1. Might you check whether a residue that is outside any helix (DSSP H, G or I) and either out of contact with any Phe, Trp or Tyr (no Cβ under 8 Å at 6 or more places or on another chain) or crowded, with 16+ Cβ neighbours inside 10 Å (or both) occurs anywhere in segment 74-82?
2. Check GLU62, GLU51 and return the single one that is surrounded by 12 or more Cβ atoms within 10 Å (Cβ to Cβ), within 19 Å of the chain's Cα centre (by Cα) and not hydroxyl-bearing (Ser, Thr, Tyr).
3. Identify all residues within segment 21-54 that are in contact with a strand residue (DSSP E or B) (Cβ under 7 Å, 6 or more places away or on another chain) and either farther than 16 Å from THR153 by Cβ or aliphatic (A, V, I, L, M) (or both); write none if there are none.
4. Return a yes/no flag: does segment 25-43 have any residue that is assigned to a helix (DSSP H, G or I), at pLDDT 85 or above and closer than 30 Å to LEU221 by Cα.
5. Show the residue pairs that are 6+ apart or on different chains and have beta-carbon atoms under 8 Å apart, the first residue being within segment 161-174 and assigned by TED's automatic domain parsing to the domain that holds THR120 and under 15 Å from GLY189 (Cα atoms), the second being small (Gly, Ala, Ser) and at pLDDT 80 or above.
6. Take the residues in segment 89-141 that are within 12 Å of ASN166 (Cα to Cα) and in a strand (DSSP E or B), then tell me which one is modelled with the lowest pLDDT.
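The values are calculated or read from the model by the stated rules, or taken from the named source; none is laboratory data. Keep in mind the model is a prediction, meaning the values are calculated, not measured. All Cβ positions, glycine included, derive from the backbone under ideal geometry; neighbour counts span all protein chains shown.
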Amino acid sequence: MTVEDESQNEYEENGLAGPGAPTPLTALEGVNGLTARDIKLVIDGGYHTIESVAYTPKRMLEQIKGISEQKATKILAEASKIVPMGFTTATEMHARRNDLICITTGSKQLDTLLAGGIETGSITEIFGEFRTGKSELSSRQNHLAKFMRKLRTLADEFGIAVVITNQVVAQVDGGPSAMFNPDPKKPIGGNIIAHASTTRLSLKKGRGETRICKIYDSPCLPESDCLFAINEAFRNWRSGEVKGESDVY
């Protein structure tokens, strides 16, 4: 048996999920006097993982019927022992980023621009005018701005990739930077969307089926752009008729 197998068996015996996976709240059952009833009350309150509890303020747990202030403090204390909530060194952060999973966009050029694809564990925003390819890259868009905080929590807790689409608005009032900015369009949503999104991508129309994707803002990617095409091959890939990356640039 390998070291990895022994480690995985140890996690399973203790009721914990494997490394990187969310841990069921039931793993706290019997720990420091926490009963099965306490765990069930918290789960009924909408918190199913230890990560979700660790990221929740104590006052929110106290609002759950049957959970006292003392019990909420105990639950948070045990959750914080499993979920790291302190400082992280640059070496540890570098190791995490090396293990980061990226999801392909279907375009080789876009994946190269994004250093592998859509990053998991963060929110990627795609904005642009009508017919720039937003809907082709993200098949669902329905009042996402309203749920930015919930999406941020989901990305943090479960390490999933969240992609949202946004519209642009023309800045017609000019301003000191107007003469230096030939394209006054900017994404809507103001600071709320800007701070919630980790990576922001700008889409523009090119010739014919060609689109231009530019890294508008990112904490880890340099400002750059690339060309890709929304053509039949790309649509077939998105519908699942073609496996792997599409052959379009």
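1. No: segment 74-82 contains no residue that is outside any helix (DSSP H, G or I) and either out of contact with any Phe, Trp or Tyr (no Cβ under 8 Å at 6 or more places or on another chain) or crowded, with 16+ Cβ neighbours inside 10 Å (or both).
2. After applying the criteria, what remains is GLU51.
3. Residues satisfying the conditions are PRO24, LEU25.
4. No, segment 25-43 has no match at all.
5. Going by the 8 Å Cβ cut-off, the qualifying pairs are ILE164/SER197.
6. My answer is GLY128.
To keep it simple, each residue is scored yes or no on (1) in contact with a helix residue (DSSP H, G or I) (Cβ under 9 Å, 6 or more places away or on another chain); (2) among the aromatic types (Phe, Trp, Tyr).
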{"residue": "ALA79", "(1), (2)": "yes, no"}
{"residue": "VAL83", "(1), (2)": "yes, no"}
{"residue": "PHE87", "(1), (2)": "no, yes"}
{"residue": "MET93", "(1), (2)": "no, no"}
{"residue": "ARG97", "(1), (2)": "no, no"}
{"residue": "GLY116", "(1), (2)": "no, no"}
{"residue": "THR120", "(1), (2)": "yes, no"}
